[in-house]
1. Report ³J(HN,Hα) in whole Hz for each residue of region 113-118, in order, from the Karplus equation J = 6.51 cos²θ - 1.76 cosθ + 1.60 where θ = phi - 60°; Gly and Pro get x.
2. What residues qualify as long-range amide H neighbours of Leu106, i.e. H under 5 Å apart, gap of 5 or more or another chain, H built at 1.01 Å from N?
3. Using 18 Å as the cut-off for backbone N distance, which residues of region 144-179 belong to the label zone defined by a point 7 Å from the Cα of Arg100 along Cα→Cβ?
4. What translational diffusion coefficient, to the nearest whole µm²/s, does region 137-187 have by Stokes-Einstein, given a Kirkwood radius computed over alpha-carbon pairs, a temperature of 37 °C and 0.692 mPa s viscosity?
5. Using amide H atoms built 1.01 Å from N in the peptide plane, name the residues 5+ places from Val118, or on other chains, whose amide H lies under 5 Å from its own.
6. Multiply the residue separation of Arg87 and Met158 by 0.36 nm, subtract the distance between their alpha-carbon atoms, and state the gained length in nm to one decimal.
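No value in this document is a laboratory result; all are computed from the given coordinates. Everything numeric here is computed off the predicted structure, so don't read it as measured data. In this analysis, Cβ positions are derived from the backbone assuming ideal geometry, glycine residues included, and neighbour counts consider all displayed protein chains.
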Amino acid sequence: PPVPQLKPPRRRSPPAAGGPSPMTTPGAATPPSFKRSSPRKKQRPRSRLLAADFAAGEAEAARALVAARATPPAVSPHSPVGAALPREFFEVDALDLAPRLLGKLLRRDQVVLRITEVEAYRPNDSACHGRFGITARTAPVFGPGGHAYVYLCYGLHMMLNVVADKEGVGAAVLIRACAPVSGMHSSLTARYLAFVHAQMY
């Protein structure tokens, strides 16, 4: 049988100057070209902004702490209001402990704060640190109720949690916000707590 002859591919000639582009349909409107009217503004990376804000908050907290040590406490450590809560208060389900903590006082040296916002975390919660069991980091969560569990979040924020329920359960209540009671200069306290609250949301 005769061998079929293959035709060489046709070469396309380049478009004439001012003619239509081979990638556009003849008769179609030429797409407009856009030019930037002003140069792009250079923005600081978000990581640097967070670091700068964190440094400002740390400086604010340091000044507030100096003022706090010079302020006499409004709540006496020996008064019933300032007495420590019994362990049985904390050895309940995290969902029950969370509302109980609202309005309670936190004390560190001469600084007294009132708890105003909390979040409860059970072991079956996908955001609970105890959901994967005991590790070197999460061991405090599995301790008896009433202990503090503090961890670093995003490399910036120290998060305070109150361990809930019986030992070995792995539940906690996050302290999201507090209001100053005594021991801190009011304006410095308000500014620092506002900064912390803004960073948490």
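1. Whole-Hz 3J(HN,Hα) from phi for region 113-118: 10, 9, 5, 10, 8, 9.
2. Residues meeting the criterion, in which the H sits 1.01 Å from N, are Leu113, Arg114, Ile115.
3. Counting backbone N atoms under 18 Å from the label point, the list is 144-149, 161-176.
4. Working: Rh = 12.3 Å.
Here the translational diffusion coefficient equals 268 µm²/s.
5. When sequence neighbours closer than 5 places are left aside, the close amide H contacts are Arg176.
6. Numbers: separation 71, 0.36 × 71 = 25.56 nm, distance 2.40 nm.
Taking 0.36 nm per residue and subtracting the Cα distance, the gain is 23.2 nm.
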